[in-house]
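Okay, structure first, notes after.
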Amino acid sequence: MKIIKTLTKLVTAAGVLAAAAGAGIFHFGVAKNGGGKYLRKYTMKKAYGGDTDTFILERSGNRYIKDMNKRIKEFMEKVGEKKVTITSFDDTPLTGFVYENKFSSRWVIAFHGYRGTHKEILYCGFATHFYDMGYNVLAPDQRASGESGGKYIGMGWLERKDVLAWIDWILEREPDAEIILFGDSMGASTVLAASGEKLPDNVKVVISDSAYGSVRYVFDKTTHDNFKLQLAPIISIGNMFSRFFAGYDFSEADICSQVAKSTVPILFFHGKDDKIVSFDNLEKLYKAKHGCKEMHAVEGAGHVCSSFVLGDEYWQIIRDFIARY
């Protein structure tokens, strides 16, 4: 009887610890005020040896990077940015930043990655290049990031419906606008998830750089790669918290299944040396897509570094793909 009581206490204690750990994973990874920003920095440092999440740019030696600060300064002096706000499907207030290309009815909506802000789109050169191609650029702060509201990050799953709200914002002003959806990292998974929704014909192309194909996969792999732990049961408990508080299930948030439903042409980029979102995600997503698609596996490129490695070729690939559709 004493042994049974002891075992019962141990099992109860283990359950309490697992529940606490699951809640911690949810809060750390998904909550706006959690510690996920430290995970972002730690992951980047562990993967590439840098002290900040900008070190890849500093070390690349690419002429785009060398000229970046000067180009962005000139761009901001010439174009500036206009702050705009909308309310999404669940009444979450969202903030976006517009780089207006006057007399153009073509738009790019560009989404940043996990725990980033719209500045990622600006400082990685995406905004300036799309602007130079003749596009207005709308760079939102994703929910629970930057100046946007929301308590929880949706890892691209909740955000897929925010994409629809931003599309509506453009079409209310320009019903005949031609729209491209672009994203890097979590932002790429955001636009891929949105591609499986019912989109207006105004959306012509989706461009994904360094996306993952499953939210559950990201949590499992990040935990294993960074901490060498198999925490599937604890992540499952964290998933329960996510369903209750954030309103989505890690396993339900299947980006590949959304891509399989997509009718919009999709252009995929992924660096072969990506140590943040593993390279095998590219093939999974590409295989899931039916119809018009194109894939570029970039030698020597780390996470969201394909544009720096390929340089002009990256943007020519995008121009050619857009021209076909």
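What residue, of ASP201, ASP168, is part of a loop (DSSP other than H, G, I, E, B), out of contact with any helix residue (DSSP H, G or I) (no Cβ under 6 Å at 6 or more places or on another chain), more than 19 Å from LEU122 (Cβ to Cβ) and of a type in the set (Asp, Glu)?
None of the other options fit; the residue is ASP201.
Can you pull out every residue in segment 74-116 that is within 19 Å of VAL191 (Cα to Cα), of a type outside the set (Val, Ile, Thr), buried (at least 17 other Cβ atoms within 10 Å of the Cβ) and out of contact with any Ser or Thr (no Cβ under 8 Å at 6 or more places or on another chain)?
SER88, PHE97, ARG106, TRP107, ALA110, listed by residue number.
Name the residue that is modelled with the lowest pLDDT, counting only residues in segment 64-120 that are assigned to a loop (DSSP other than H, G, I, E, B) and of a type in the set (Gly, Ala, Ser). Explain how you work it out, then say what you get.
So the first thing to find is which residues in segment 64-120 are assigned to a loop (DSSP other than H, G, I, E, B), and the list is 67, 79-81, 88-92, 100-105, 112-118.
Restricting the remaining residues to those that are of a type in the set (Gly, Ala, Ser) gives 80, 88, 104-105, 113, 116.
On the way: GLY80: 94, SER88: 97, SER104: 95, SER105: 96, GLY113: 93, GLY116: 90.
The selected residue is GLY116.
Can you confirm whether segment 210-218 contains a residue that is within 27 Å of GLY125 (Cβ to Cβ) and either without any contact (Cβ under 8 Å) to a residue 12 or more places away in the chain or in contact with a strand residue (DSSP E or B) (Cβ under 7 Å, 6 or more places away or on another chain) (or both)?
Within segment 210-218 (the criterion being within 27 Å of GLY125 (Cβ to Cβ) and either without any contact (Cβ under 8 Å) to a residue 12 or more places away in the chain or in contact with a strand residue (DSSP E or B) (Cβ under 7 Å, 6 or more places away or on another chain) (or both)), the answer is yes, since at least one residue qualifies.
Within segment 292-323, track down each residue that is part of a helix (DSSP H, G or I) and out of contact with any Ser or Thr (no Cβ under 8 Å at 6 or more places or on another chain).
SER307, LEU310, ASP312, GLU313, GLN316, ILE317, ILE318, ARG319, ASP320, PHE321, ILE322, ALA323
Taking segment 266-291 as the region of interest, how many residues are of a type in the set (A, V, I, L, M), in a helix (DSSP H, G or I) and out of contact with any Gly (no Cβ under 6 Å at 6 or more places or on another chain)?
2
Could you list, in sequence order, the residues of segment 117-127 that are surrounded by fewer than 24 Cβ atoms within 10 Å (Cβ to Cβ) and of a type outside the set (D, E, K, R)?
Residues satisfying the conditions are THR117, LEU122, TYR123, GLY125.
The values are calculated or read from the model by the stated rules, or taken from the named source; none is laboratory data. Worth saying up front: this structure is predicted, and the values here are computed from it rather than measured. For neighbour counting, all protein chains shown are included, and Cβ atoms are generated from backbone atoms with ideal geometry for every residue, glycine included.
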